[in-house]
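What follows is a single structure, written as C-alpha cells, with notes after it.
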Amino acid sequence: MAFRVIETYWINRTLCYRFSRWALLQNLQNLVNAMKPLMNWIDLTKRGDARGSLVAIEGHGAIPFEIRRVYYIFDTLQGVSRGHHAHRNLKQLMVCVAGSCRVSLDDGRQRADAVLDDPCRGLLIEGLVWREMHDFSEHCVLLVLASEPYDERDYIRDHDAFVRLAAATARAPDAPAMAVEDRCG
C-alpha cells in the first residue's frame, strides 16, 4: 500500500513521517474493496404447491436497493452476446427466470464467470463492474432489476476506458491533505 507522505522529519535521530489522514483512509477503503467478492448472490424465496411455484420480489426486502427500473432480455439468438458495458453508479440484480445464460464480470482487478439458471437466485452487480452475457439457451429470459431509470451518461461502453477508470478508482487520487497523521519509526 502506498501512502502519501506530507513531510519527513527527525526526532531524537528517529525518522518520522507525516501522512495524510485522507490517504490512510482511502487506502483502507481500497483494501476493503479489493477483498469484496466479485460475485454476490441473493437467494429469492420460492413459494408453491402442487399447482406450481411463485417468486415475489418486493422493494426493501431481499433486494439491497430501491427498484426503479425492470427489464428483461429474451429471444437472444444463438452465439449472440449482450452487455459489453459497465455502469458508474447503477446497481442491478440479474435473475434468469427461464433457461440459462453465462455472465462474465470484470472489476479491473479480477474476472469471474457464473451461469444463471435458477429463477430463485439472483446475481447482484454493484459498483464499477464490466458485464457481458453469453451462451443464452433457447427460450432464455433474463430479468434485470435496476436501481435507477435508464441514463446513457451512466454507461461506459469502451472496455479500454473502463480499465483506465477502474485503475484510477482503485488508486487513491491525490487530494489536498485536510488532516494529518504523525508516525515515527
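The values are calculated or read from the model by the stated rules, or taken from the named source; none is laboratory data. All figures in this text were calculated on a predicted structure; none of them were measured in a lab. Using ideal geometry, Cβ is built from the backbone for each residue, glycine included, and neighbour counts are taken over all protein chains shown.
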Checking ASP107, ASP118 in turn, the sole residue that is more than 29 Å from ALA168 (Cβ to Cβ) and of a type in the set (Asp, Glu) turns out to be ASP118
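Kindly establish whether VAL97 is under 16 Å from the mean Cα position of the chain (by Cα), at pLDDT 95 or above and part of a strand (DSSP E or B).
Values: under 16 Å from the mean Cα position of the chain (by Cα): no; at pLDDT 95 or above: yes; part of a strand (DSSP E or B): yes.
It is false that VAL97 is under 16 Å from the mean Cα position of the chain (by Cα), at pLDDT 95 or above and part of a strand (DSSP E or B).
With the requirement that a residue be hydrophobic (A, V, I, L, M, F, W, C) and either surrounded by fewer than 11 Cβ atoms within 10 Å (Cβ to Cβ) or without any contact (Cβ under 8 Å) to a residue 60 or more places away in the chain (or both), what does region 42-68 give you?
Step one: list which residues in region 42-68 are hydrophobic (A, V, I, L, M, F, W, C), which gives 42, 44, 50, 54-57, 62-63, 65, 67.
Matches in region 42-68: ALA50, LEU54, ALA56, ALA62.
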Among residues of region 165-182 being closer than 21 Å to ASP106 by Cβ and out of contact with any Gly (no Cβ under 9 Å at 6 or more places or on another chain), the residue modelled with the highest pLDDT is ALA168
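Going by the structure shown, is GLY83 in the same structural domain as GLY122 (by TED's automatic domain parsing), over 22 Å from MET133 (Cα atoms) and not hydrophobic (A, V, I, L, M, F, W, C)?
Working: in the same structural domain as GLY122 (by TED's automatic domain parsing): yes; over 22 Å from MET133 (Cα atoms): no; not hydrophobic (A, V, I, L, M, F, W, C): yes.
No.
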Filtering region 47-57 down to residues that are more than 11 Å from LEU145 (Cβ to Cβ) and in a loop (DSSP other than H, G, I, E, B) yields ALA50, ARG51, ALA56
With respect to GLN110, determine if the residue is in contact with a Phe, Trp or Tyr (Cβ under 8 Å, 6 or more places away or on another chain) and among the polar types (S, T, N, Q). no
Only one of LEU93, LEU116, LEU143 is closer than 20 Å to MET39 by Cα, free of Cβ contacts under 8 Å to residues at least 40 places away in the same chain and surrounded by 14 or more Cβ atoms within 10 Å (Cβ to Cβ), namely LEU116
